[in-house]
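Read the structure below first, then the notes.
The values are calculated or read from the model by the stated rules, or taken from the named source; none is laboratory data. Nothing here was measured: the structure is a model prediction, and the numbers come from that model. Here the Cβ positions follow ideal geometry from the backbone for every residue, glycine too, while neighbour counts run over all protein chains shown. SASA here: full protein model, heavy atoms, side chains in, ligands and nucleic acids out. Shrake-Rupley method; radii C 1.70, N 1.55, O 1.52, S 1.80 Å.
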Amino acid sequence: MPAGASAEVVIVGAGVAGLCELHHLRARGFSVVLVDRSPDLGGTWYWNRYPGCRFDSESYTYGYRFSPDLLHDWSWQERFAPQPETLGYLNHVASRFDLRPDIVFDFDVTGASWDEASCRWTLTAADGREVTGRYLVTCMGILSSPTLPRLPGIDSFAGQSFHTYYWPHEPVEYAGKRVGVVGTGATGVQLIQTIARDVAELAVFQRRPNWTAPLGNGPISAAEMDGIKARYDEIFAACDRSPGGFVHDPDRRGFWNVPREERVRFWEELYQQPGFAIWLGNFREIFTDAAANAELSEFMAAKIRQRIHDPDLADRMIPADHGFGVQRLPLETGYYEAYNRDNVHLVDLRDTPIEKVTPAGIATTDQHYDLDIIVYATGFDAVTGAFDRVGITGTGGATLRDLWKDGPQTYLGLFVHGFPNLIAVGGPQGGGSGSVNFPRAIEQQTDWAADLLEHMRKTGLRRFEATPEAQAEWFAHVVEMNQLMLLRNARSWFTGYNSNVPGHDNGAPRYLLYNGGAYKYRTTLRQVAESGYAAMELS
Ligand code: NA7
């Protein structure tokens with residue numbers, strides 16, 4: 001990239017959202033530069049290379065729908081595609097639409113500053129390169145800032161150790177080794193069930209168990225894929241109807257209107273179905289009514305007890321501090337059965353916390369675990385982490401990092417007062433920030449954002465900013481929607497909790513998600529555009 005490069009729009013992030021936005025803006029004739037700190041495209045799917053990494057969305061609901069030809073070209077191989085397949089898909093998209101010429105890799109954005117006089121954003125990379133643009137669209141991912149535990153001696157370990165996000169590109173020789181995995185979220189679950197049979201010893205350091213459900217993966221035959229291609233309109237229409245953009249639609253009969261035996265029969269059916277059926281195809285009350293949720297949790301606990309031989313161990317795998325589905329649900333294949341193996345050991349950190357990492361392994365209050373490899377599946381500084389890392393400075397020198405210290409506030413999850421001409425795709429409190437099928441959520445945001453910029457061009461305007469009133473009103477709506485949900489009480493990334501990030505570890509609520517559902521969000525976006533963006537200052 002030439003020094004001082006400039007474009008009408010600068011996009012940050014070459015993942016699912018950034019590539020989509022690049023396509024939409026180029027299609028409308030904008031000059032665009034997309035920068036990414038990674039050496040290649042893919043975002044989440046570039047980095048997460050740990051064994052077992054795969055979708056929890058049905059593959060055929062994950063692709064972009066902006067091009068019928070693209071939908072027709074691409075055949076998914078598995079019902080829930082593994083990471084290499086998804087990365088292959090994104091590379092296929094980039095080639096098909098010739099996206100690479102507008103992407104600058106290895107551009108690690110360390111600062112983005114708004115200049116009122118020129119009405120432009122300037123982005124600076126770690127190596128000093130700069131790029132400027134009238135508009136800045138961030139597509140930095142909601143789970144792109146991995147966090148490590150704050151453990152004494154963490155750097156002293158003599159073997160291999162890494163966060164799952166940074167799983168090495170060269171093969172990791174874990175077969176026959178003593179491996180420790182810290183963390184049992186969706187990532188830990190996928191990793192543990194995949195490597196259990198190959199490693200010599202596997203010590204799983206679990207602080208809190210998660211609820212999980214069977215994934216139900218399998219190959220997609222050529223004939224089945226042909227059928228899917230013929231039904232794409234129907235499939236996407238189903239995604240549009242569902243709150244999170246998945247094919248699973250909630251059962252609207254009303255939990256208490258259905259007799260208990262019928263509820264249990266229904267759950268048995270859902271438990272056998274692939275993907276998030278048991279979570280998102282369930283009664284809506286499981287998300288809002290503690291008694292309904294407790295009954296389902298009991299049903300799911302019984303499933304765990306059936307699958308783990310040792311009753312004491314099974315009890316340790318059943319969450320006691322939160323109900324089923326109030327955190328993002330990990331999906332599994334033989335996860336519980338892995339714990340029936342002699343070489344897999346659960347270390348319950350509630351009884352025996354980790355004291356330190358040593359050169360030879362991990363010491364708990366109870367014993368020392370000798371390890372060859374330590375994997376930290378310890379999650380992310382979710383949604384706002386990427387913004388904090390970059391350092392974004394708006395009008396009057398205000399920084400987003402300071403402004404969001406105690407939690408973010410946005411308008412529509414896309415705009416922040418004081419940060420003109422900035423659009424945060426997948427930003428906090430928007431339709432792309434939580435329990436959603438990510439591509440379905442960001443396709444509306446990226447398309448809508450491109451329409452806004454087109455509107456600016458057509459009307460000869462060059463600056464937009466959310467009003468403080470609009471932002472306050474949206475925030476109040478976000479809080480109101482959140483208060484309806486049982487998830488408000490759970491300590492997970494959904495509520496902005498992270499024990500490894502100072503300030504995010506005190507349990508104070510940080511509103512990261514929009515819980516109003518995709519339909520409400522989509523309708524709001526449409527109405528805002530139809531009003532001529534009335535709640536924004538355009539000049
Ligand atoms: P998650 O879901 O945030 O899970 C992180 C896990 O790591 C979870 O079990 C945590 O336990 C554990 N953790 C975090 N910090 C520590 C420390 N310091 N000590 C011990 N254990 C720790 O992240 P994932 O990567 O698994 O999944 C993220 C999303 O990716 C997922 O929701 C899907 O959408 C895909 P805790 O529960 O906090 O006690």
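Being among the small types (Gly, Ala, Ser) and open to solvent by 10 Å² or more (accessible area, probe 1.4 Å) is the filter here, so list the residues in segment 118-132 that pass it.
Matches in segment 118-132: SER118, ALA126, GLY128.
If PRO146 meets every condition in (1) surrounded by 17 or more Cβ atoms within 10 Å (Cβ to Cβ); (2) more than 11 Å from the ligand (Cβ to nearest atom) apart from one, which number is that one?
Status for PRO146: all satisfied but (2).
Within segment 263-321, how many residues turn out to be touching a strand residue (DSSP E or B) at 6+ places or on another chain (Cβ under 7 Å), farther than 19 Å from ARG252 by Cβ and among the aliphatic types (A, V, I, L, M)?
Final tally of qualifying residues: 1.
State all residues of segment 178-204 that are more than 9 Å from the ligand (Cβ to nearest atom) and open to solvent by 20 Å² or more (accessible area, probe 1.4 Å); if no residue qualifies, say none.
ARG178, GLN193, THR194, ARG197, ASP198, ALA200, GLU201
For residues that are more than 16 Å from the ligand (Cβ to nearest atom) and either in contact with a Lys or Arg (Cβ under 8 Å, 6 or more places away or on another chain) or of a type in the set (Ser, Thr, Tyr) (or both), scanning just segment 361-378, find the one that is nearest to LEU143 (Cα to Cα).
Result: ILE373.
Applying the selection to segment 371-428, what residues are part of a loop (DSSP other than H, G, I, E, B) and on the phi > 0 side of the Ramachandran plot?
GLY379, VAL383, GLY391, GLY407, LEU412, GLY413, GLY418, ASN421, GLY426, listed by residue number.
Test each condition in (1) within 16 Å of the ligand (Cβ to nearest atom); (2) surrounded by fewer than 17 Cβ atoms within 10 Å (Cβ to Cβ); (3) of a type outside the set (Ser, Thr, Tyr) for PRO319 and report the one that comes out false.
All conditions are met except number (2).
Got a sec? Which helices (runs of 4 or more DSSP H) wholly within segment 165-264 have at least 1 residues that are touching a residue at least 60 places away in the same chain (Cβ under 8 Å) and over 26 Å from the mean Cα position of the chain (by Cα)?
Output list reads 222-230.
State whether the residues of segment 397-409 include one that is open to solvent by less than 20 Å² (accessible area, probe 1.4 Å) and modelled with pLDDT under 95.
no
Okay, residues lined up against (1) at pLDDT below 95; (2) open to solvent by 40 Å² or more (accessible area, probe 1.4 Å); (3) touching a Pro at 6+ places or on another chain (Cβ under 6 Å); (4) farther than 22 Å from PRO330 by Cα:
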| site | (1), (2), (3), (4) |
| --- | --- |
| ALA213 | no, no, no, no |
| LYS229 | no, yes, no, yes |
| TYR232 | no, no, no, yes |
| HIS248 | no, no, no, no |
| ARG263 | no, no, no, yes |
| GLY275 | no, no, no, no |
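Please go through segment 337-362 and give me each residue that is free of Cβ contacts under 8 Å to residues at least 24 places away in the same chain and among the β-branched types (Val, Ile, Thr), ordered by number.
THR352
Identify, please: which residue in segment 509-539 is more than 16 Å from the ligand (Cβ to nearest atom) and in contact with an Asp or Glu (Cβ under 8 Å, 6 or more places away or on another chain) and is, among those, farthest from GLN327 (Cα to Cα)?
GLU537
Applying the selection to segment 29-88, what residues are at positive phi, open to solvent by 20 Å² or more (accessible area, probe 1.4 Å) and free of Cβ contacts under 8 Å to residues at least 60 places away in the same chain?
GLY29
Within the set of pairs 6+ apart or on separate chains, which have a first residue in segment 363-378 that is farther than 26 Å from PRO330 by Cα and small (Gly, Ala, Ser), a second that is within 14 Å of the ligand (Cβ to nearest atom) and open to solvent by 70 Å² or more (accessible area, probe 1.4 Å), and C-beta atoms under 8 Å apart?
Pairs found: ALA363/GLU355; ALA363/LYS356.
Against the condition under 22 Å from LEU148 (Cβ atoms), surrounded by fewer than 19 Cβ atoms within 10 Å (Cβ to Cβ), away from the ligand (no atom under 12 Å from the Cβ) and hydroxyl-bearing (Ser, Thr, Tyr), how does THR358 come out, does it pass?
When the stated conditions are applied, THR358 passes them.
Being over 18 Å from LEU412 (Cβ atoms) and of a type outside the set (A, V, I, L, M, F, W, C) is the filter; apply it to segment 457-487 and report the residue that is most open to solvent (accessible area, probe 1.4 Å).
Only one residue tops the list, namely LYS458.
Quick check: anything in segment 152-164 in contact (Cβ under 8 Å) with a residue 40 or more places away in the chain, part of a loop (DSSP other than H, G, I, E, B), open to solvent by 30 Å² or more (accessible area, probe 1.4 Å) and farther than 23 Å from SER499 by Cβ?
The answer is yes; a qualifying residue exists.
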